[in-house]
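The values are calculated or read from the model by the stated rules, or taken from the named source; none is laboratory data. Worth saying up front: this structure is predicted, and the values here are computed from it rather than measured. Cβ placement follows ideal geometry from the backbone for every residue including glycine, while neighbour counts extend to all protein chains displayed.
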Amino acid sequence: MQGTTGTIREAAGMITEGVTSNGLRIVTNTVPHVESVTLGVWINAGSREDPDDLQGLAHVVEHAVFKGTPSRDYISIARCMEDTGGYIDAWTTKENTCLCIRCLREHLDLAFSLLSDLCCNPLFPEEEIDKEKEVIIDEIQSITDSPEEMVFDDFDLHAFENHPLGLPILGTEQSIEAITTGHLRQFMQSFYTAPNMVISAVGKVSHEDILSRAETYFNPLPAAKAPNRDRRTYRPGCYTPFSISKPFPSSQAQVLYGTVAERCNRHFYSLLVLNTLLGTGMSSTFNLELREKNALCYNVYTSLTLYDDITVFNVYAGTDNSQTGEVLDIISDILQQKARPFVSRDGLERAKQRLTGAIMMGMEKMTRRMSRNARDLLYFGRVIGIEEKIRQIDAITPEALQEAATYLFHNPTPSTLIYTAEEE
């Protein structure tokens, strides 16, 4: 056991990092006033790692590990934590997979036993995997009923053309049908390795206890490093701006404006503030301009996606077919302004307060804490304490925000994707 590698002491609770003898990184956040533990196993592999002809493989693996191990069938897995009052969940993103349990402190040993069983000993029984693939195909089909989800997937497909970041996490019906249990085992052998994983625990825990249990339960994980993600790096020069309009069966037009820029850690906190200012909440710039002032849409917001090597910013609005041009004009006018400051000093302070307030209130949710710590470790290589984050946000000046806006909105040419409403 290699032990503890770093500790952050702050009012929100002590955060400690460590590593096991096989290279599995551990981060714990002790919150003594709660009775529960939230335990997440993070794998630094998502749909970005899917082979070109097997889209959706990472997501199928996430489902398939629940279908049985030598000591548990799928029913036992489903009941295991729920019978104690806890629950288990899992999700796949484009870059990560997470298996997560929340339970009472007294059931922590059971939680470790179950998570290690899923990660180290899945059987992938053919009959159950075939059934689960049908469930996933149903999930894929359900997405087509949501034009809001579809327009984001479609935007990525064009923005990241010929790259796995552009492909849907769920895959396609054809690619799911092509996946075999051999593919599942090969993916796990490549990416479910100790150095490529993180265990994040939050709640009534001690770091030494979590580290000891991880050493015991996850010792079977191979210590080999996962394949280098550099081979699937997205180069900003590969991005070709586009402007596309196409019909889609829905009652409302879907407008998505977006841009892609190279990762820049220097602008990280400024981009968080910028996203808050522009499209988070009723008082955000786009909600006030598009909804309150001009009555052009009911639903409008921005999204900021931070991948390992690339940043994506989107503005979404649902509107009437006849108003899509006006919506895009307003979005472009706001984002492309150069002659005047992007925001007043008072507006910046309000946005910073909104962001820091949301971060602080989010600390009351244990699953969010667990995810935040794991993502920090995977994205930055270290956990960043809440107090450091707030200091960084407080230090942002109007000039820094303007520089971040220029970096994001003026260097790459923006793209637009419109789904015009077409009655079925």
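A count restricted to region 201-221 and to residues that are of a type in the set (Gly, Ala, Ser) and either in a helix (DSSP H, G or I) or without any contact (Cβ under 8 Å) to a residue 60 or more places away in the chain (or both) stands at 2. Does Phe152 fit the bill of being crowded, with 20+ Cβ neighbours inside 10 Å and farther than 27 Å from Gln186 by Cβ? Yes, satisfied. Look at Leu114 and say whether it is in contact (Cβ under 8 Å) with a residue 12 or more places away in the chain, surrounded by 22 or more Cβ atoms within 10 Å (Cβ to Cβ) and more than 22 Å from the chain's Cα centre (by Cα). Against the criterion (in contact (Cβ under 8 Å) with a residue 12 or more places away in the chain, surrounded by 22 or more Cβ atoms within 10 Å (Cβ to Cβ) and more than 22 Å from the chain's Cα centre (by Cα)), Leu114 qualifies. Test Leu296 against the stated conditions and say whether it is surrounded by 21 or more Cβ atoms within 10 Å (Cβ to Cβ) and more than 24 Å from the chain's Cα centre (by Cα). It is false that Leu296 is surrounded by 21 or more Cβ atoms within 10 Å (Cβ to Cβ) and more than 24 Å from the chain's Cα centre (by Cα). Arg372 fulfils the conditions (1) at pLDDT 95 or above; (2) more than 20 Å from Ala405 (Cβ to Cβ); (3) out of contact with any Leu (no Cβ under 8 Å at 6 or more places or on another chain); (4) surrounded by fewer than 17 Cβ atoms within 10 Å (Cβ to Cβ) except for a single criterion, (4). Just one of the listed residues (Glu62, Glu35) is surrounded by fewer than 22 Cβ atoms within 10 Å (Cβ to Cβ), touching a Leu at 6+ places or on another chain (Cβ under 8 Å) and within 19 Å of Ala194 (Cα to Cα), namely Glu62. All conditions in (1) at pLDDT below 95; (2) out of contact with any strand residue (DSSP E or B) (no Cβ under 6 Å at 6 or more places or on another chain); (3) not in a loop (DSSP other than H, G, I, E, B) hold for Ala11, with the sole exception of (3).
Go over the candidates Leu401, Leu377 one by one and state the one that is modelled with pLDDT of 95 or more and part of a helix (DSSP H, G or I). After applying the criteria, what remains is Leu377.
Yes/no per residue for (1) touching an Asp or Glu at 6+ places or on another chain (Cβ under 6 Å); (2) among the β-branched types (Val, Ile, Thr); (3) over 30 Å from Gln323 (Cβ atoms):
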{"residue": "Ser251", "(1), (2), (3)": "no, no, no"}
{"residue": "Tyr257", "(1), (2), (3)": "no, no, no"}
{"residue": "Val260", "(1), (2), (3)": "no, yes, no"}
{"residue": "Arg266", "(1), (2), (3)": "no, no, yes"}
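Number of residues in region 292-324 that are more than 28 Å from Cys238 (Cβ to Cβ), out of contact with any Gly (no Cβ under 7 Å at 6 or more places or on another chain) and not in a strand (DSSP E or B) equals 9. In this structure, Glu106 qualifies as of a type in the set (Asp, Glu), at pLDDT 95 or above and over 29 Å from Pro227 (Cα atoms).
Checking each residue in region 197-206 for being more than 13 Å from Glu17 (Cα to Cα) and under 21 Å from the mean Cα position of the chain (by Cα) picks out only Met197. Of all residues in region 230-245, at least one satisfies being closer than 30 Å to Leu24 by Cα and crowded, with 17+ Cβ neighbours inside 10 Å.
Screening region 170-196 for residues that are more than 25 Å from Gly23 (Cβ to Cβ), in contact (Cβ under 8 Å) with a residue 24 or more places away in the chain and of a type in the set (Gly, Ala, Ser) and picking the one that is surrounded by the most Cβ atoms within 10 Å (Cβ to Cβ) gives Gly171.
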